[in-house]
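Written out below as structure tokens is the structure these notes cover.
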Amino acid sequence: MQEYSSDPLVGTLVDGRYLIQSRLASGGMSTVYVATDRRLERDVALKVLHPHMAGDPQFLDRLGREAKTAARLSHPHVVGVLDQGEDDRVAYLVMEYIKGHTLRDVLKERGALPPRLALALIDPVVEGLGAAHEAGLIHRDIKPENVLIADDGRIKLGDFGLARAISTSTSTGALIGTVAYLSPELVLGRQADARSDIYSVGIMLYEMITGRQPFDGEVPIQVAYQHVNSSVGAPSELVPGLAGELDELVQWCTANEPDKRPVDGNALLSELRHIRRNLSDAELDLQPPAARPALPPVPPAPSPPARQPGAQAPRTGDGATEVIGGRQQPTEFIARGNNPTTVMSAAPRGHGYGPLATPDDVEYAGNYDDAADSAAPASKRAQRKHDRDEEKARQRAAATPVRSLRAGNPRRRGLLWILVLVVAALLAGGAGWFFGMGPGSPGTVPQLSNKTVAEAQQLLRAAGFQSTTKDVYDDDVKPGLVVGTDPAAGEVIRKFLPVSLSVSKGPQLFPLPQLTGKSLDEAKTALNGAGMALGKISETFDESEPAGTVLAQAPRSGNPVRHGTPVDLTVSKGPQPIPVPDVRGQNQADAVKAIEAAGLKAVVAPEPVNDRKVPEGAVVAQDPASGNLTKGGTVTLTISKGPRLVEVPSFIGQQADEAEAALRELGFEVQVNDILGGFFGTVRDQDPVNEEVPEGSVVTLTVV
């Protein structure tokens, strides 16, 4: 991971919660950072939008709704959206942090992939996409950069919700996407659905199998033109021996007409897995040709229709198409406005999010041919100019009648012209009514959030719209009330287009995992994985569970709760320590009672010992003598046999000093009584003498 120390956001705390650690990547719409969620103690991917987007209140409102919708999509192959918010004009999205690499990295490193690997990589992508389509979500920006491959092998599809939020919140003539993977209907400005994502998946599968994209051009508009006016070739043209089923699969997904593609991700997934099961090992393990250092030349895109004589030439700038990047595959904006140069194909006029041009309005020579000519040699520029002049001359010749209609009855011809004019007037009037006052007239979608379904439907009928409903989970809106609409409130659409009402089912609840019996670290990991928060931690002594083990949780496991619910944990501190009582000097019975009363176990040493200071039957020593034990710990007691008996020899007639020293060496205490001052120092008498007495007894010497 590369650090960007110059980035002013690195090291800052966003919204009092997300500590930005380092920058991962930057694109045309946002910058992605690795951040630490200090509340849940986990790493997340923090996508911070560029200031020109963060300053648009309408966009931020739309982004919030789309983030909520994406956050409700829980699937193992979709990157989860965890949070969204603003902090001091910093607008951000919080997503799972997937440590690993992207499918783009795999394609850069390996080029074309064997069919087995290509199908294995695309399978989880299509499965996640199918779950999104089932939940009513459309991705709109499928590309290898958005397929994340974790270090542990998990494959996830990322960036749900952002493309739709941007494309819907910008002007009605704005298109967002990556030109290499755009579906024809998105290029033409028509409304996208699940089949648009399927087209992008087909382009991506073609690239995985062949190592290159099906369309290429000097500028992105040439690539967009080919999406509309050309068909994707069979991958086997570049990979000889490829199974025909894979050719059919790619061309099924990339059909120009949406009705000829799979209806959604689940339909594609079923066919994809059927093909994987039925291909032989040789077909699955076919090795594609070695990747070339550079892409092979691609035949130039067919020239767009030339401008009709007398048509106004387009102006560069002032609404002209502006595409950023070439082959880097960024997500791009392509503007569509009233200027004829903003249309990428000569398709018939249709309905959608912006005006389309008729074939006569289209003019391409001023858009990209001049840009290509400026980089070409003089001979090629002259040849291209000659070719364009010939094409225009051919079109003028084709528009000039070569013969006249045969002469006929003038009255009949007059009636025919009158009939034509009447029909044209009726058609014009009908079209004027349809688009001016009828179902085709524009209308503004009203604000319906937090209204009942009946109220919302009544308001839509009053505004001239038809409505449909779908149930969604929402943490903030009460069940039965409208969460929002698609298209969003405030958007201007034709009245014959339906407005979909999203009706709240209340918050989506998830069962709590079982945490008791786990270590505290394991419990934290399980909470993070389930999207729950760590609540208060309390500790208590427990005789059976080791320290650090979770004893209880609140709420209990299995209870359905919202994501982010704090869970309180009770953690064991291990067995309670018990101070060892000092029973030395006590008789054996009393000592055993005292130890057992403390919750410990008393064990008497098998061999008693003599001790001249401790009476017989009393405790002379214990192990341990102090400190702490746990309940049931053992204390060993050593019992005294009392002092040992020693025979006192006679020292009568001996010198008193010698007698005293000998007696003390035998362990006796000596008391000396002098008679007449003990002048001679001789022991005259001794008590006791010549008998056994306890060690330490007092022996009295009478000295003269």
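The values are calculated or read from the model by the stated rules, or taken from the named source; none is laboratory data. Predicted model, so just to flag it, every value in this text is computed and none were measured. Reconstructed Cβ throughout: ideal geometry from the backbone, glycine too, with neighbour counts over all protein chains shown.
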Legend entry - strands (runs of 3 or more DSSP E) completely within segment 481-589 that count 2 or more residues being surrounded by fewer than 15 Cβ atoms within 10 Å (Cβ to Cβ) and of a type in the set (S, T, Y): 533-540
Legend entry - Matching residues, segment 642-664, being closer than 10 Å to V703 by Cβ and aliphatic (A, V, I, L, M): A656, A659
Legend entry - Residues of segment 618-651 classified as without any contact (Cβ under 8 Å) to a residue 40 or more places away in the chain and either surrounded by fewer than 14 Cβ atoms within 10 Å (Cβ to Cβ) or under 60 Å from the mean Cα position of the chain (by Cα) (or both), total: 4
Inset, instruction - Return only the number of the condition from (1) in contact with a strand residue (DSSP E or B) (Cβ under 6 Å, 6 or more places away or on another chain); (2) outside any strand (DSSP E or B); (3) outside the structural domain of V683 (by TED's automatic domain parsing) that A625 does not satisfy. - result: (1)
Legend entry - First in segment 237-248 and among the acidic types (D, E), second anywhere and in a loop (DSSP other than H, G, I, E, B), Cβ under 8 Å, 6 or more apart: E245/L279; D247/A234
Legend entry - Residue satisfying all of: in segment 198-237; among the acidic types (D, E) and part of a loop (DSSP other than H, G, I, E, B); surrounded by the most Cβ atoms within 10 Å (Cβ to Cβ) among these: D216
Legend entry - Residue count, segment 42-63 (criterion: among the hydrophobic types (A, V, I, L, M, F, W, C) and in a strand (DSSP E or B)): 5
Inset, instruction - From V48, V79, grab the single residue that is in contact (Cβ under 8 Å) with a residue 40 or more places away in the chain and closer than 15 Å to Y92 by Cα. - result: V48
Inset, instruction - Looking for whichever is closer than 30 Å to K470 by Cα and among the aliphatic types (A, V, I, L, M) here; the options are V106, V81, V90. Which one fits? - result: V81
Legend entry - Selection status of S230, modelled with pLDDT of 95 or more and among the polar types (S, T, N, Q): no
Inset, instruction - Search segment 99-127 for residues that are within 18 Å of I203 (Cβ to Cβ) and pair each with any residue that is surrounded by fewer than 17 Cβ atoms within 10 Å (Cβ to Cβ) and hydrophobic (A, V, I, L, M, F, W, C) when their beta-carbon atoms are under 6 Å apart and the residues are at least 6 apart or on different chains. - result: G111/A291
Inset, instruction - Run down A656, A661 and say which single residue is of a type in the set (A, V, I, L, M) and loosely packed, with under 14 Cβ neighbours inside 10 Å. - result: A661
Inset, instruction - Would you check if D152 is at pLDDT 85 or above, assigned to a loop (DSSP other than H, G, I, E, B) and more than 28 Å from F496 (Cα to Cα)? - result: yes
Inset, instruction - Pull up segment 436-477, narrow it to residues that are among the aliphatic types (A, V, I, L, M), at pLDDT 85 or above and out of contact with any strand residue (DSSP E or B) (no Cβ under 9 Å at 6 or more places or on another chain), then point me to the one that is surrounded by the fewest Cβ atoms within 10 Å (Cβ to Cβ). - result: A454
Inset, instruction - Tell me, please, whether a residue that is farther than 30 Å from D542 by Cα and in contact with a strand residue (DSSP E or B) (Cβ under 6 Å, 6 or more places away or on another chain) can be found in segment 594-607. - result: yes
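Residues are listed down the side, and each one gets a yes or a no for (1) in a loop (DSSP other than H, G, I, E, B); (2) within 30 Å of V580 (Cβ to Cβ):
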{"residue": "V619", "(1), (2)": "no, yes"}
{"residue": "G632", "(1), (2)": "yes, yes"}
{"residue": "F651", "(1), (2)": "yes, no"}
{"residue": "D657", "(1), (2)": "no, no"}
{"residue": "E660", "(1), (2)": "no, no"}
{"residue": "G667", "(1), (2)": "yes, no"}
{"residue": "Q686", "(1), (2)": "no, no"}
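Identify, please: which residue in segment 59-80 is within 17 Å of V125 (Cα to Cα) and touching a Leu at 6+ places or on another chain (Cβ under 7 Å) and is, among those, modelled with the lowest pLDDT? First the steps, then the outcome.
Start the filter on segment 59-80 by keeping residues that are within 17 Å of V125 (Cα to Cα), which leaves 70, 73-80.
The next check asks that each one be touching a Leu at 6+ places or on another chain (Cβ under 7 Å); those that pass are 70, 73, 77-79.
Values: A70: 77, L73: 84, H77: 94, V78: 93, V79: 91.
My answer is A70.
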Inset, instruction - Could you check how many residues of segment 560-579 are at pLDDT 90 or above and more than 30 Å from A533 (Cα to Cα)? - result: 2
Legend entry - Residue that is nearest to A530 (Cα to Cα), among those in segment 26-41 that are part of a strand (DSSP E or B) and not β-branched (V, I, T): D37
